[in-house]
Amino acid sequence: MTAADWAGCGALWLTGDPDGAPDQSRSGVLDHARAVADGFTARTGVPIDVGAELTRRAALLGLTRRGRISAGGASRLIATRDGWCALTLARDVDREAIPALLETTTVTDPWSAISHWAADVSAAEVTARARLLGLPVAALGEQAPARPVIRRIGPAGPPRSPSDCLVVDLSSMWAGPLCGRLLREAGATVVKVESPSRPDGTRRTPRFFDWMNAGKLCYSLDFDEPEALRSLLARADVVLESSRPSALTRRGLGPDLPARPGRVWARITAHGNGIGANWAGFGDDAAVAGGLVGIAEGGPYFCADAIADPLTGLEAARSVVEALARGGGELVEVSLSAVAAEYAAIPTTPTLPRHVATRPASPRISGRASAPGADRDVVHALASAPAQ
């Protein structure tokens, strides 16, 4: 019943040609995602509605399928001379870089101009030039499948569950905050850390932010004055981060901090810690890098809504609880594009029989997230408490 489940959770509604039939070719994603979620549930007792995790942002924002435009609207699939690329223009800095990308001074219709330019060059040229400018871009299928990378970074402690852990969540947007939310549901105390100058961008969509972050303690500080954060990290049992690997390390805040026995450090990146360590990426373009796109009836199409994000959040949550069960002392590195490539390797689903595409259902949001920095005093008390 995988194809029916793909339709029932709303993923079918979000995938395919907006003027034609929806695309169920990737419905096998659900079975694999359920297996990942079951690994988390087996260690924590926390059930996960996988279909909801994949589609509820779209429900909260009223999104639908748009074919080669992402459901959220910021990413597009672009035909090049020899293949397909995905480019995301989600930030002001991305849009400001378009003239440099196209080597012109004036751009009146950015997407039309980009499409016209890309049609005459190779996918490799598009990605190389865009990455030179720091743009989130990917060539279709450029990333090979890869499991999370586990490395020893400190002494192990006794095996433990998340229920007595302090989690410091430095991540933003979707994948990392989802991991943090699941750890909170498993009983962890989760501190969400934001910079006052760059709060989590999903605060602009309050219902989605509440769904991801309600129940976390909200703490605000300047990452360029890291002493307060260093003392909090020294107490952390789990650290979640989703910035480029160098961003914290150059501030002396990376996983090479003096090791707390049993600490698990989870690093979520767009493209891993190798050649792509400094490449920008979001859920939609990272999914394209992994080849996770709809392919039925004239594809490629964007698959669901920024699907690499929730899939990676689930993978990170399972990996963290498994690391805690081993005694920790580990760095867990999870890449959006590599996770997407794992799912892209799953055999596709035949297009028949057809299933009715239904809109994803909005979740019940049980609470409101705190304002930035609202829990400062509580967090200071946690940071100064004796280590357990």
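The values are calculated or read from the model by the stated rules, or taken from the named source; none is laboratory data. This is a predicted model, so every value here is computed, not measured. Positions of Cβ are generated from backbone atoms using ideal geometry, with glycine treated the same way; all protein chains shown enter the neighbour counts.
Please report, ordered by residue number, the helices (runs of 4 or more DSSP H) entirely within the stretch 85-202 with at least 3 residues that are modelled with pLDDT under 95 and in contact with a helix residue (DSSP H, G or I) (Cβ under 6 Å, 6 or more places away or on another chain).
Answer list for the stretch 85-202: none.
Name the single residue that is surrounded by the most Cβ atoms within 10 Å (Cβ to Cβ) among those in the stretch 130-174 being under 27 Å from residue 218 (Cβ atoms) and among the charged types (D, E, K, R).
169
Give the number of residues within the stretch 52-84 that are in a loop (DSSP other than H, G, I, E, B) and either within 24 Å of residue 180 (Cβ to Cβ) or touching a residue at least 12 places away in the same chain (Cβ under 8 Å) (or both).
14
Which residues, taken from the stretch 230-259, are assigned to a helix (DSSP H, G or I) and within 22 Å of residue 160 (Cα to Cα)?
232, 233, 234, 235
Are any residues in the stretch 35-51 assigned to a helix (DSSP H, G or I) and touching a Gly at 6+ places or on another chain (Cβ under 9 Å), and if so, which ones? Break it down into steps so the answer makes sense when it comes.
Let us first name the residues in the stretch 35-51 that are assigned to a helix (DSSP H, G or I), namely 35-44, 50-51.
The answer is 44, 51.
Please work out which one of (1) charged (D, E, K, R); (2) part of a helix (DSSP H, G or I); (3) touching a strand residue (DSSP E or B) at 6+ places or on another chain (Cβ under 9 Å) is the condition residue 207 fails and give its number.
That leaves (3) as the condition not met.
Is there any pair linking a residue in the stretch 258-269 that is closer than 13 Å to residue 151 by Cα to one that is assigned to a strand (DSSP E or B) and hydrophobic (A, V, I, L, M, F, W, C), with Cβ under 6 Å and at least six apart or on different chains, and which?
What qualifies is 264/238; 265/239; 265/331; 266/240; 266/332.
From the set of residues in the stretch 299-332 that are within 27 Å of residue 61 (Cα to Cα) and part of a loop (DSSP other than H, G, I, E, B), which is modelled with the lowest pLDDT?
Going through the qualifying residues, I end up with 299.
Consider residue 267 carefully, then state whether it is buried (at least 17 other Cβ atoms within 10 Å of the Cβ), modelled with pLDDT of 80 or more, among the charged types (D, E, K, R) and closer than 27 Å to residue 305 by Cα.
yes
Of the residues in the stretch 270-296, how many are under 26 Å from residue 57 (Cα atoms) and surrounded by fewer than 24 Cβ atoms within 10 Å (Cβ to Cβ)?
Matching residues across the stretch 270-296 total 6.
Which residue, of 316, 325, 338, is of a type outside the set (S, T, N, Q) and more than 19 Å from residue 180 (Cα to Cα)?
That would be 338, the only listed residue that is of a type outside the set (S, T, N, Q) and more than 19 Å from residue 180 (Cα to Cα).
Which pairs turn up if I take residues in the stretch 178-200 that are closer than 20 Å to residue 318 by Cβ and look for partners that are of a type in the set (A, V, I, L, M, F, W, C) and surrounded by fewer than 20 Cβ atoms within 10 Å (Cβ to Cβ) with beta carbon separation below 7 Å, at least 6 apart in sequence or on another chain?
182/46; 185/46; 186/46
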